[in-house]
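Have a look at the structure below before the remarks.
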């Protein structure tokens with residue numbers, strides 16, 4: 001048993017739902033108790049989908065267990081096929097149904113349905129959401145992609161415009177909606193046609209056409225890699241594996257795609273604003289900012305490259321929550337001389353961030369909350385998703401426009417270069433409220449009491465904000481974050497600390513206390529404060 | 001079971017009405033499981049921890065339903081059963097003990113720990129009551145360990161609170177025989193509402209009033225034959241039965257929603273405690289008037305509008321009664337996951353005879369009825385609200401009714417407004 005407070009990934013059947021919901025003409029009959037229907041709200045509330053996910057839950061109850069849950073399943077399948085008339089049917093079990101071993105596969109095939117039925121075996125007690133999504137997509141591709149290799153190749157014999165499949169985008173994906181638009185546009189500029197985008201928006205018939213493309217683009221390896229490998233083996237289709245997140249990676253992606261398609265890359269080597277924005281003098285203050293990066297492996301690895309090469313940050317921590325991609329994250333971590341953090345225990349991540357005291361955290365919604373607690377600026381780079389990760393505006397992470405978006409998103413939480421000087425200048429002005437916190441962080445003011453006894457559901461409101469513990473100079477943080485209580489500060493040193501801008505004061509306090517502890521200094525004086533500053537100076 | 005007629009208890013001061021058949025459905029449901037109750041229970045009892053013994057799905061449900069990934073450590077968590085637990089490679093009980101030890105070492109402030117059963121723990125027949133006994137002994141003096149099931153194969157949504165409170169009842173101290181009558185308010189209420197009720201009972205002259213659950217594990221009220229209890233929530237059937245087993249007596253009343261419901265609810269206590277009728281009227285008059293004033297503006301908006309409740313929290317019947325009786329709405333169908341006929345008798349008697357009462361669910365068929373009826377307002381769960389809005393139907397998220405303070409005189413206006421707001425919004429938007 002594993003004690004879990006918050007999880008990065010849902011169970012594997014939620015991954016299967018992300019595939020089914022992304023596609024058209026697919027229905028998923030899930031053998032599951034009623035509580036599992038909560039998963040619908042992920043799609044209808046977080047992603048604001050205007051349609052129910054195409055999922056029928058059998059919702060068996062305790063009283064059914066002694067009787068015939070198998071019959072219940074078969075009825076649910078028949079009724080779902082009649083009502084929704086899907087072109088292909090997914091069947092499977094959630095964690096509870098897995099234990100009662102009703103064999104959805106056998107039960108569904110016994111019904112001799114007139115459509116393809118794909119049975120999913122998703123071991124709930126071993127695997128998680130991303131794996132479930134990848135496996136489901138692979139099983140669908142395998143089952144529905146029927147042409148023989150020779151036939152598929154003969155179709156490509158005559159001269160044609162090169163085409164590619166874009167594989168991996170799903171429902172509830174982190175900015176998948178906009179990434180697909182951006183990458184499609186980029187391919188068009190190169191004169192490469194998009195054969196199929198899948199699973200997002202694809203029908204079962206579209207999956208059957210996958211072999212028509214000249215090559216595949218594995219846009220989200222967490223979802224698409226298994227299917228891409230099978231297509232490679234079966235149809236000899238090459239896979240583009242460079243993930244175009246960031247300016248440099250987008251250029252590499254274009255080069256790889258152009259080489260495979262036999263087209264001239266220069267048409268697309270237009271540029272994002274990122275290089276100039278990064279070189280302009282106001283960005284000087286970004287130099288060497290210590291950044292901690294955590295997310296799914298693909299986004300984390302991409303973010304690390306951007307952080308170092310395109311922002312001039314120092315990567316001090318790098319990790320991912322999906323062990324399936326541990327190798328990728330290890331390889332990347334070596335580039336930065338780091339030991340990667342591979343864990344799905346959010347308390348471990350919190351501990352690492354608290355210890356490293358980075359100046360910026362690039363993470364998931366979990367790290368956003370951790371960073372908020374520790375008063376460290378943060379930008380979100382990866383799933384798990386939150387309602388805020390589905391903005392109304394166009395906001396890709398990939399391609400050149402994606403690089404522009406990333407520049408803004410990462411720089412925004414930081415105090416700007418000139419602003420930093422102005423804050424120092426006006427710190428002692430009586431009209432400047434030092435306690436107010438950074439206005440752009442949005443929650444500097446004392447929180448109003450909530451009138452709700454419970455949180456508002458559906459991940460729609462960052463309710464947790466109301467509990468933000470304000471940092472007050474005269475008192476220490478609560479003991480909840482495991483930080484040492486301030487001790488032995490002389491009044492003089494305490495006053496000096498107040499002269500330090502608020503956004504580095506917490507760090508100065510911690511560094512000084514750590515320095516004092518390490519050097520066996522009981523009473524922190526003015527000298528200790530400046531000794532510590534010198535000690536930690538870079 | 002007789003599903004056709006409803007027994008109205010003798011002596012009821014409501015006109016008994018014979019209803020038509022209750023539509024009972026046993027198809028696919030779209031309702032949360034009882035684990036969801038942890039979201040408000042852990043905030044009510046501030047030194048209790050809720051440890052779900054379940055799967056990754058359970059943890060994901062709590063996280064998604066709570067709508068937050070709170071940065072602070074919440075007072076609930078999940079012991080996720082893994083392959084090696086199922087394969088017998090490790091002893092589940094030893095694993096559970098290890099998890100609880102680690103948890104209590106981290107959180108020594110926890111005085112009451114609930115082991116909460118889930119669908120997987122029920123199916124593999126993990127005996128959590130034995131585990132709770134064993135762990136209670138192990139941690140005696142520091143933490144009491146109890147268990148209940150919030151599994152979706154046995155409980156829907158608010159039944160989780162019922163199961164939790166029912167598990168607490170045998171732990172309550174006994175009242176002394178011959179003691180004066182005591183009043184117990186049963187059901188987790190927001191603190192602000194609880195305090196309002198306590199003030200009213202004090203003004204009425206009822207000396208000994210307790211809330212159950214209390215805000216701290218060590219302050220749970222006693223129970224015994226001299227206990228008279230009022231259910232503040234309509235979903236507490238098992239808790240009521242457990243209290244009755246201890247000799248406590250339930251005061252039958254409307255549930256305290258709106259001016260009328262709250263008056264009737266308070267009145268039941270006043271009668272049981274021999275409070276003078278004139279005094280009762282004097283005490284409740286200001287609150288009752290405030291409630292009526294507060295809902296007046298919503299009445300203009302809601303009067304004559306039709307409403308359809310999909311089953312969610314078991315609050316549906318009392319709320320439909322409030323909306324019909326005090327705001328002039330027309331309930332077309334009122335769905336409830338479970339219908340407790342005795343506790344609901346007075347509520348049912350006040351609903352219009354044409355209103356269809358449905359128990360259980362077959363979600364696709366029920367949605368067909370919603371589409372055919374095209375109600376002005378549909379009350380439904382989060383999974384259904386946006387899809388129905390996209391079809392042009394105006395909806396109200398049912399879960400907000402569970403999380404918001406809606407009981408009593410001074411929340412009647414807020415309660416009415418929860419229903420009026422979606423309609424008002426529909427009218428103001430020009431996009």
Can you tell me which condition residue A:348 does not meet? The list is (1) surrounded by fewer than 20 Cβ atoms within 10 Å (Cβ to Cβ); (2) touching a residue at least 24 places away in the same chain (Cβ under 8 Å), and all the others hold. (2)
Lone unmet requirement of (1) touching a residue at least 60 places away in the same chain (Cβ under 8 Å); (2) surrounded by fewer than 22 Cβ atoms within 10 Å (Cβ to Cβ) for residue A:173: (2)
Subset of segment B:29-43, residues surrounded by fewer than 24 Cβ atoms within 10 Å (Cβ to Cβ) and either more than 7 Å from chain A (Cβ to nearest Cβ) or more than 20 Å from the chain's Cα centre (by Cα) (or both), comes to B:41, B:42
Give the residues of segment A:371-384 that are modelled with pLDDT under 90 and either facing chain B (nearest Cβ under 8 Å) or closer than 19 Å to residue A:10 by Cα (or both), sorted by residue number. A:372, A:373
Matching residues in segment B:173-200 (more than 14 Å from chain A (Cβ to nearest Cβ), assigned to a helix (DSSP H, G or I) and touching a helix residue (DSSP H, G or I) at 6+ places or on another chain (Cβ under 9 Å)) number 2
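A quick yes/no check of all residues on (1) free of Cβ contacts under 8 Å to residues at least 60 places away in the same chain; (2) out of contact with any helix residue (DSSP H, G or I) (no Cβ under 7 Å at 6 or more places or on another chain); (3) in a loop (DSSP other than H, G, I, E, B); (4) not assigned by the TED database to the domain that holds residue A:77:
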site: A:98; (1), (2), (3), (4): yes, yes, no, no
site: A:102; (1), (2), (3), (4): no, no, yes, no
site: A:107; (1), (2), (3), (4): yes, no, no, no
site: A:112; (1), (2), (3), (4): yes, yes, yes, no
site: A:118; (1), (2), (3), (4): yes, no, no, no
site: A:121; (1), (2), (3), (4): yes, yes, yes, no
site: A:124; (1), (2), (3), (4): no, no, yes, no
site: A:134; (1), (2), (3), (4): no, no, no, yes
Taking the options B:170, B:177, name whichever one is touching a residue at least 12 places away in the same chain (Cβ under 8 Å) and either crowded, with 24+ Cβ neighbours inside 10 Å or more than 22 Å from the chain's Cα centre (by Cα) (or both). B:177
Residues that are assigned to a loop (DSSP other than H, G, I, E, B) and within 21 Å of residue B:234 (Cβ to Cβ), drawn from segment B:133-172: B:150, B:152, B:154, B:155, B:157, B:158
Considering only segment A:373-389, state which residues are more than 18 Å from the chain's Cα centre (by Cα) and farther than 23 Å from residue A:301 by Cα. A:373, A:374, A:375
Anything in segment B:46-77 that is more than 7 Å from chain A (Cβ to nearest Cβ), crowded, with 24+ Cβ neighbours inside 10 Å and modelled with pLDDT under 95? List them, or say none. B:62
Which pairs turn up if I take residues in segment B:79-99 that are more than 9 Å from every other protein chain (Cβ to nearest Cβ) and look for partners that are at pLDDT below 90 and surrounded by fewer than 20 Cβ atoms within 10 Å (Cβ to Cβ) with beta carbon separation below 8 Å, at least 6 apart in sequence or on another chain? none
Just for segment A:241-260: of the residues that are in contact (Cβ under 8 Å) with a residue 40 or more places away in the chain and surrounded by fewer than 22 Cβ atoms within 10 Å (Cβ to Cβ), which one is nearest to residue A:147 (Cα to Cα)? A:260
Tell me, yes or no, whether segment B:222-231 has at least one residue that is assigned to a strand (DSSP E or B), surrounded by fewer than 22 Cβ atoms within 10 Å (Cβ to Cβ) and free of Cβ contacts under 8 Å to residues at least 60 places away in the same chain. yes
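Per-residue answers, yes or no, for (1) assigned to a helix (DSSP H, G or I); (2) within 22 Å of the chain's Cα centre (by Cα):
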residue: A:263; (1), (2): no, no
residue: A:277; (1), (2): yes, no
residue: A:284; (1), (2): yes, no
residue: A:298; (1), (2): yes, yes
residue: A:307; (1), (2): yes, yes
With touching a residue at least 12 places away in the same chain (Cβ under 8 Å), surrounded by fewer than 18 Cβ atoms within 10 Å (Cβ to Cβ) and touching a helix residue (DSSP H, G or I) at 6+ places or on another chain (Cβ under 9 Å) as the only criterion, which of B:290, B:321 stands out? B:290
Subset of segment A:118-132 that is farther than 21 Å from residue B:119 by Cα and away from every other protein chain (no Cβ under 12 Å) - its residue that is surrounded by the fewest Cβ atoms within 10 Å (Cβ to Cβ): A:119
Going through segment A:13-37 one residue at a time, which ones are in contact with a strand residue (DSSP E or B) (Cβ under 8 Å, 6 or more places away or on another chain) and closer than 24 Å to residue B:156 by Cα? A:13, A:17, A:28, A:29, A:30, A:31, A:32, A:33, A:34, A:35, A:36, A:37
Residue A:42 fails exactly one of (1) within 7 Å of another protein chain (Cβ to nearest Cβ); (2) surrounded by fewer than 24 Cβ atoms within 10 Å (Cβ to Cβ); (3) under 19 Å from the mean Cα position of the chain (by Cα), namely (2)
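Here is a yes/no grid of residues against (1) part of a helix (DSSP H, G or I); (2) closer than 16 Å to residue B:295 by Cβ; (3) within 11 Å of chain A (Cβ to nearest Cβ); (4) touching a residue at least 60 places away in the same chain (Cβ under 8 Å):
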| site | (1), (2), (3), (4) |
| --- | --- |
| B:348 | yes, no, no, yes |
| B:359 | no, no, no, yes |
| B:368 | yes, no, yes, no |
| B:384 | yes, no, yes, yes |
| B:387 | yes, no, yes, no |
| B:421 | yes, yes, no, no |
| B:425 | yes, no, no, no |
Which number in (1) at positive phi; (2) at pLDDT below 95 marks the one condition that residue B:404 misses? (1)
Answer yes or no: is there a residue in segment B:12-25 that is surrounded by 23 or more Cβ atoms within 10 Å (Cβ to Cβ) and either facing another protein chain (nearest Cβ under 8 Å) or at pLDDT 90 or above (or both). no
Return yes when residue B:143 is closer than 24 Å to residue B:171 by Cα, surrounded by 24 or more Cβ atoms within 10 Å (Cβ to Cβ) and more than 11 Å from every other protein chain (Cβ to nearest Cβ) and no when it is not. no
Which condition from (1) touching a helix residue (DSSP H, G or I) at 6+ places or on another chain (Cβ under 8 Å); (2) part of a helix (DSSP H, G or I) is the one that residue A:181 breaks? (1)
Evaluation of residue B:184 against (1) crowded, with 19+ Cβ neighbours inside 10 Å; (2) over 24 Å from residue B:40 (Cα atoms) (one fails), failing number: (2)
Condition met for residue B:253 (touching a residue at least 12 places away in the same chain (Cβ under 8 Å), buried (at least 20 other Cβ atoms within 10 Å of the Cβ) and in contact with a strand residue (DSSP E or B) (Cβ under 7 Å, 6 or more places away or on another chain)): yes
Per the filter on segment A:10-36, residues within 11 Å of chain B (Cβ to nearest Cβ) and closer than 12 Å to residue A:57 by Cβ are A:13, A:29, A:30, A:32, A:33, A:34, A:35, A:36
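The values are calculated or read from the model by the stated rules, or taken from the named source; none is laboratory data. Remember, it's a predicted structure, so these values are computed and weren't measured experimentally. Using ideal geometry, Cβ is built from the backbone for each residue, glycine included, and neighbour counts are taken over all protein chains shown.
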